[in-house]
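A.B. asks: This is the structure I want to talk about, given as structure tokens.
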Amino acid sequence: MLKQCGSDENEHVPPGNALATGALDFLDADTGRTPVLALDLGVVADRYRALVSALPGTQVFYAMKANPHPAVLDLLSSLGCGIDAASTNEIDQALAHGIAPELISYGNTVRRGSEVAHATAAGIRLFAVDDQSELDKLIDHAPGAAALVRLNAEGSAAAWPLSRKFGTDVATAASILRRAADAGLGVGATFHVGSQQSDPASWDHALEQVAETVDLAGVADRPLVLNLGGGLPSTLADPTPALDAFADAILRGIDARLDGLDLTFAIEPGRFLVGDAGVIEAEVIGVVERPGQECSRWVFVDVGLFQGLSEASGETIRYPLTTKVAGPTAPAVVAGPTCDSTDILYELRPVDLPVALTSGDRIRLHGAGAYTVSCSSLGFNGFEPLRVEIA
Ligand SMILES: Cc1ncc(COP(=O)(O)O)c(C=O)c1O
């Protein structure tokens with residue numbers, strides 16, 4: 001069934017994505033190759049300031065895996081933001097961009113002993129840990145550091161859950177913390193409620209686990225670092241609550257569960273800080289009919305899973321799509337350019353796109369500043385990686 005849309009509607013940027021005006025203006029004027037990601041640093045600064053004011057007293061550590069562009073790192077460094085690093089390379093990059101070592105947290109719980117030693121030599125003191133064997137590496141290579149035990153938070157309301165691979169249960173977490181304290185390390189807790197989390201109550205469940213762990217480990221009388229993890233959403237096609245709802249739930253959860261503890265607070269958002277700052281412009285390279293399929297119109301674009309949209313796999317991360325092409329719209333499957341059959345963006349829930357859309361037309365994907373350029377392959381199938389421009 002066709003939906004009647006005027007040109008304005010096809011071009012209409014959803015209100016939540018309209019703040020990246022610098023990126024939109026840049027793309028209006030750009031004549032370079034597609035696909036291109038335009039980044040509006042003003043949005044990154046606004047998001048950072050909004051978060052700091054919503055959670056006063058909480059140090060922000062940007063999860064730079066979301067978008068390690070040097071301009072993003074320089075901006076956040078100048079604002080006093082720290083970095084959540086996943087690897088030696090990320091640590092070295094953060095240091096090179098002026099982040100003080102005490103504002104770098106080593107959040108990846110699996111790493112070589114030599115990598116722990118490298119981080120320690122650089123002055124890093126915050127390490128996430130979720131297994132006794134990983135704690136051994138801290139005891140051996142990071143004397144005096146703080147071990148933040150990572151709990152396995154339930155992430156069912158997240159578009160991109162991070163459970164199972166990381167984190168441990170309360171009983172194991174407590175014995176890790178007890179042993180860390182006995183070995184003379186600082187102690188704390190961390191968790192990740194799942195990326196693009198839509199349920200503010202998720203933090204409360206995780207904070208309850210933290211309280212149980214601290215109690216069971218017998219470390220309630222010690223100074224503790226509490227890292228609230230990532231998970232805050234950016235503005236994508238499926239709506240999520242505003243920042244205030246998450247901040248209220250987090251603050252209420254802390255009051256209810258952790259009252260009386262000597263806590264230093266940290267949070268390590270990735271997507272929330274950079275997602276809304278980015279807009280990708282792509283070119284339509286083919287519109288074809290696949291007879292007999294539930295949705296028979298396929299729109300192929302020059303950006304796909306291998307040019308930075310790997311998070312579209314599973315179709316839970318849904319970027320709002322717009323185009324300047326006018327006229328009525330109808331559902332279409334949207335797919336990337338490579339010969340890989342998994343390179344499909346949206347098929348389970350096809351996207352309404354103009355009937356007149358044809359090869360050479362442009363489409364825009366909004367809210368695309370996170371986990372795109374950092375996930376683009378170097379040249380799979382010979383296609384160029386995602387171009388990035390600061391607007
Ligand atoms: C340890 C850690 N912290 C923070 C983040 C950032 O998560 P998000 O982008 O959902 O805020 C991630 C993402 O994978 C992570 O692995």
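A.B. asks: For the list (1) assigned to a helix (DSSP H, G or I); (2) of a type in the set (S, T, N, Q); (3) surrounded by fewer than 20 Cβ atoms within 10 Å (Cβ to Cβ), I need the number of the one condition that Thr31 fails.
C.D. replies: It fails just one condition, (1).
A.B. asks: Let me ask something else about it. Within region 280-289, how many residues are over 30 Å from Asp74 (Cβ atoms) and either in contact (Cβ under 8 Å) with a residue 12 or more places away in the chain or within 16 Å of the ligand (Cβ to nearest atom) (or both)? So that I can check it myself, show each step before the final result.
C.D. replies: Residues of region 280-289 that are over 30 Å from Asp74 (Cβ atoms), as a first pass: 283-289.
Now restrict to residues that are either in contact (Cβ under 8 Å) with a residue 12 or more places away in the chain or within 16 Å of the ligand (Cβ to nearest atom) (or both): 283-288.
Residues that pass the stated criteria total 6.
A.B. asks: Look at region 223-232 and say how many of its residues are near the ligand (Cβ under 8 Å from one of its atoms) and farther than 14 Å from Leu55 by Cα.
C.D. replies: Qualifying residue count for the region: 1.
A.B. asks: Something else: I need the full set of residues from region 246-266 which are of a type in the set (A, V, I, L, M) and within 16 Å of the ligand (Cβ to nearest atom), in order please.
C.D. replies: Filtering region 246-266 down to residues of a type in the set (A, V, I, L, M) leaves 247, 249-251, 254, 256, 258, 261, 263, 266.
Within region 246-266, Ala247, Ala249, Ile250, Ala266 meet the criteria.
A.B. asks: Go through the residues of region 267-277 one by one and say whether even a single one is farther than 25 Å from Gly22 by Cβ, out of contact with any helix residue (DSSP H, G or I) (no Cβ under 8 Å at 6 or more places or on another chain) and either within 16 Å of the ligand (Cβ to nearest atom) or not assigned by TED's automatic domain parsing to the domain that holds Gly194 (or both).
C.D. replies: First, the residues of region 267-277 that are farther than 25 Å from Gly22 by Cβ: 267-268.
From the residues that got through so far, the ones that are out of contact with any helix residue (DSSP H, G or I) (no Cβ under 8 Å at 6 or more places or on another chain) too are 268.
Remaining after also requiring either within 16 Å of the ligand (Cβ to nearest atom) or not assigned by TED's automatic domain parsing to the domain that holds Gly194 (or both): 268.
Looking through region 267-277, at least one residue is farther than 25 Å from Gly22 by Cβ, out of contact with any helix residue (DSSP H, G or I) (no Cβ under 8 Å at 6 or more places or on another chain) and either within 16 Å of the ligand (Cβ to nearest atom) or not assigned by TED's automatic domain parsing to the domain that holds Gly194 (or both).
A.B. asks: Within 15 Å of the ligand (Cβ to nearest atom), in the same structural domain as Pro233 (by TED's automatic domain parsing), surrounded by fewer than 17 Cβ atoms within 10 Å (Cβ to Cβ) and within 18 Å of the chain's Cα centre (by Cα), is that true of Ser163?
C.D. replies: Numbers: within 15 Å of the ligand (Cβ to nearest atom): yes; in the same structural domain as Pro233 (by TED's automatic domain parsing): yes; surrounded by fewer than 17 Cβ atoms within 10 Å (Cβ to Cβ): yes; within 18 Å of the chain's Cα centre (by Cα): yes.
Judged against the criteria, Ser163 is a match.
A.B. asks: Cβ contacts < 6 Å: first residue part of a strand (DSSP E or B), restricted to region 259-279; second residue β-branched (Val, Ile, Thr) and within 16 Å of the ligand (Cβ to nearest atom), any location; separation 6+ or different chain. Result?
C.D. replies: Thr264/Val225; Phe265/Thr58; Ile267/Thr58; Ile267/Val60
A.B. asks: If I go through region 233-244 residue by residue, how many of them are in a helix (DSSP H, G or I) and away from the ligand (no atom under 16 Å from the Cβ)? Steps first, answer last, please.
C.D. replies: At the first step, the residues of region 233-244 found to be in a helix (DSSP H, G or I) are 243-244.
Filter once more, keeping what is away from the ligand (no atom under 16 Å from the Cβ): 244.
Here the count works out to 1.
A.B. asks: Looking at region 41-92, which of its residues are assigned to a helix (DSSP H, G or I), more than 22 Å from Ala20 (Cα to Cα) and more than 16 Å from the ligand (Cβ to nearest atom)?
C.D. replies: Asp92
A.B. asks: Of the residues Phe246, Phe265, only one is surrounded by fewer than 20 Cβ atoms within 10 Å (Cβ to Cβ) and of a type in the set (Phe, Trp, Tyr); which? Before you say what the answer is, go through the steps one by one.
C.D. replies: Working: Phe246 fails: surrounded by fewer than 20 Cβ atoms within 10 Å (Cβ to Cβ).
It is Phe265.
The values are calculated or read from the model by the stated rules, or taken from the named source; none is laboratory data. Note that the coordinates shown come from a computational prediction; the quantities given were computed from them, not determined experimentally. Backbone-built Cβ (ideal geometry, glycine too); neighbour counts: all protein chains shown.
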